[in-house]
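Where a number appears in this text, it was derived from the coordinates with a stated rule and is not lab data. Given the structure is predicted, the values throughout are model-derived calculations rather than measurements. For neighbour counting, all protein chains shown are included, and Cβ atoms are generated from backbone atoms with ideal geometry for every residue, glycine included.
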Amino acid sequence: MILSFEDIKFVKEKDSVRGIFLNNFYFDMSEKELDKLGKWELSKEDLEVKGNETIIRRNFNTLLDQKLKELKSMQGKDAIYVYKGFLPLQGSLYFGIVDRNTNIIEVRPMTGCNLNCIFCSVDLCRRDKDFVVNADYLAKEAKKLAESKLQEVKDIEMHINEQGEPLLYAPLAELISKLKKIKGVKTISIDTNGSLLTEKKVDELVDAGLTRFNISLNAFSFETAEKIAGLAYPLDNLKKVCKYIAKKADILLAPVWLHEINDKDIEEIIDFASELKKIRPQQKVPFIGIQNFLEYDHGRKPVKEQSWEKFFDYIEKLEKKHKIHLKLSRGDFGIVPAKSKKFFKKDDVVDAIIVCSGMFKHEMLCVASDKIIAVNTDKKEGKRIRVKITRDKYNVFYGKEI
């Protein structure tokens, strides 16, 4: 029989067969493990095994379950595949769904990035774990939250952002298509560094239902772009693609101001945003939103954080000089309050079960009442612990073992 999967392709390695999962993850099966299935061979990117189909399917599914627990990202990190029945999708900032009490639902399909930005707020390169979420599971849970919010608001925005680069997520177009079908969803936006964008990819995502690209364009010269990205950066291609996007969908340039690194570039990006406005005069949301660099405990700090007072002084000067609206507010994007149910409150004590490790040493992701709680503990998966909630903002939960 032919073992063929949409999300897995098989390739021969020296003494094993590698399963490439969702393009950016993999697991290895030894020839000895495969021999137990029967006489096998690779057929293009599928696996062909001779014998009783029922037995082969049952034994391979057992092997696959084991191998998905040994999943690794293409960066060589251990990776965890999140699916229904394994982990819920609310409670963590790493993946799943984040609800900040507005009509925007943040959708986070995976972690991982193709760049090494000097200002990365989560410093992904130092974290030894990646996560990837099943697209159907993610869309269904986003739909549940959207339905609850429609009791308060008319329009929902699904915002695809993650700790990393969402264009690495193989079923991205599939996910967007599923989100588009949810009642009340009027906007689907994405945060991307843009380095993986092509005109073909833009068409694919727009056809699926994406309505706005938020591009993290932080420099307008090669030298500065590569310094900030930490790697080679296809700046010319991105400029070209941005102009193409403006013909197809809304576009927001979202540079981070790194004082004394990209000051000159910020002004050039403002001028570029004005060019895009001429291509897409019908766009209602702003074409540029400059962000202040903020220091985070686990993030990188290439420059000193500027106070909000200094940041807004800088923005106001740029507004006057370039005659463009830069001091943005929620109203510019149609963001309105939409409160959600509070699941745990700070200082609550709950019983939780440890499911898997998190991104940091000694951090474990636990589950209580179908929500994730991150807890520092040396206990292993499957153990039950008592947890005191130490953080509950936006239904993202951290706790302390007691």
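The slack between K240 and E13, meaning 0.36 nm per residue of separation minus the straight C-alpha distance, is 77.9 nm. Each residue of the range 209-220 was assigned a 3J(HN,Hα) from its phi angle through the Karplus curve 6.51 cos²θ - 1.76 cosθ + 1.60 (θ = phi - 60°); the sequence is x, 5, 10, 8, 9, 9, 9, 7, 8, 9, 8, 10 Hz, with glycine and proline shown as x.
The phi torsions of the range 237-246, fed into the Karplus equation with coefficients 6.51, -1.76 and 1.60 and a -60° offset, translate into couplings of 5, 5, 4, 5, 5, 4, 5, 5, 4, 4 Hz, rounded to whole numbers, with Gly and Pro shown as x. Residues whose amide H falls under 5 Å from that of C366, counting only those 5 or more places apart or on a different chain, are V355, I373, A374, V375, with hydrogens built in the peptide plane. Within the listed set D46, D130, D99, the Gaussian network model of the chain (springs between alpha-carbon atoms below 10 Å) gives the highest mean-square fluctuation for D46.
Taking each DSSP H run with n ≥ 4 as -39500 (n - 2.57) and averaging over every residue of the chain yields -8500 deg cm²/dmol at 222 nm.
Oblate is the label for the range 63-159, because the ratio a/c of its alpha-carbon gyration tensor axes (a ≥ b ≥ c) is 1.5 or higher and a/b is not greater than b/c. If you sort the three axes of the alpha carbon gyration tensor as a ≥ b ≥ c, you get a/c under 1.5 for the range 2-70, which makes it rounded.
Each label point was placed 7 Å from the Cα along the Cα-to-Cβ direction; for L231 and N376 their separation is 3.1 nm. Estimated translational diffusion coefficient (Stokes-Einstein, Kirkwood radius over Cα pairs, 4 °C, 1.567 mPa s) of the chain: 56 µm² per second.
Looking at the chain alone, DSSP beta bridges between its own residues are antiparallel in about 60 percent of cases. Fully extending the segment from I279 to D203, taken as 0.36 nm per residue of separation minus the present Cα-Cα distance, adds 25.7 nm. The amide H of F131, built 1.01 Å from its N in the peptide plane, has I80, T111 as neighbours under 5 Å, considering only residues 5 or more places off or on other chains.
Rounded to the nearest Hz, the phi-derived 3J(HN,Hα) couplings of the range 47-63 under the Karplus curve 6.51 cos²θ - 1.76 cosθ + 1.60 (θ = phi - 60°) are 10, 10, 10, 9, x, 5, 4, 4, 5, 4, 4, 5, 5, 5, 4, 5, 5, where x marks glycine and proline.
Structure remark: mean-square fluctuation, Gaussian network model of the chain, C-alpha springs under 10 Å; the largest value among R391, R126, R300 belongs to R126.
Kindly flag which residue pairs out of K200/K239; K77/K383; K284/K310 have an alpha-carbon separation exceeding 18 Å in this structure.
On the way: K200/K239 15 Å; K77/K383 24 Å; K284/K310 28 Å.
Where the Cα-Cα span goes over 18 Å, the pairs concerned are K77/K383; K284/K310.
So, R0 is 60 Å and r is the distance between the beta-carbons of E267 and K36; what FRET efficiency does that work out to, to 0.05? Walk me through the numbers on the way to the answer.
Details: r = 64 Å, r/R0 = 1.07.
Between E267 and K36 the formula returns 0.40.
Would you work out if the range 298-346 is rounded, prolate or oblate? Take a ≥ b ≥ c from the square roots of the eigenvalues of the alpha-carbon gyration tensor; rounded if a/c is under 1.5, else prolate when a/b is larger than b/c, oblate otherwise. Let's see the in-between values first.
Working: a/c = 3.59, a/b = 1.42, b/c = 2.52.
Taking the square roots of the gyration eigenvalues as a ≥ b ≥ c, the range 298-346 is oblate.
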